[in-house]
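Just so you know, all these numbers are worked out from the coordinates, no wet-lab data involved. No experiment lies behind these values; they were computed from the predicted model shown. Positions of Cβ are backbone-derived with ideal geometry, glycine not excepted, and every protein chain shown enters the neighbour counts.
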Amino acid sequence: MNNPLIKSNRKGMAAALIIATSLTVSACGNGRAVRGYVFDTELADAILAGVDNRQSVNSTLGTPTLAATFDDDTWYYITTVVRIRPVFWPDAKFHRVMAVRFNEQGVVEGVENYDMSNMIAINPVDDKTPTKGKKLNMFQQIFGNVGRFSGQAPVGSGEGRGPNG
């Protein structure tokens, strides 16, 4: 029973199984993504309070990731490195926030650095804000407009039945 067709079929099945397994395993690999500002540590550490101003910080570090909400006296440079795994949410592995504060003359007043130890997990409230009006079920939402229109010609269609016609 040395049928060559059976041997070639087994080899084909084995090759297909190996290819399928390798594709499945490679899809489960971890990825890494840098989000936000890409720090050059030497340049970031070169910013000094009392020496640098807005223009020198902008030319050294570039445009900040964001400025303070209510004034332009603090610039934030933010970076996060996340691990990306299939099926899971991205997982932060490295985080750095550099806050550069300026005085009224535009000179650097202080530089603070924050990392993963300063991160706080925030769980937003999942409640819904109640609104006034009717509560409609799915069928009322879908079929609610049936019969509400009179069948008149649209405005401007030239049939003379409407405010412009």
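Please compute the length gained on full extension between Asp45 and Arg85, using 0.36 nm multiplied by the number of residues separating them and subtracting their Cα-Cα distance. Working shown, then result.
On the way: separation 40, 0.36 × 40 = 14.40 nm, distance 3.23 nm.
Separation in residues times 0.36 nm, less the Cα-Cα distance, equals 11.2 nm.
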For Asp73, distant residues with modelled amide H under 5 Å away: Ala68
Rule-of-thumb check for segment 29-120: C-alpha Rg over 2.2 N^0.38 Å? 1.22
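Arg83: net charge of surrounding residues, Cβ under 9 Å, Lys/Arg +1, Asp/Glu -1, itself excluded? Don't skip to the end; give the middle numbers.
Working: positive: Arg32, Arg85, Lys93; negative: Asp91.
Net charge in that neighbourhood comes out at +2.
What FRET efficiency comes out for Thr129 versus Thr69 if R0 is 35 angstrom and r is the Cβ-Cβ distance? Round to the nearest 0.05. Please report the intermediate quantities before stating the final value.
On the way: r = 23 Å, r/R0 = 0.65.
Using R0 = 35 Å, I get an efficiency of 0.95.
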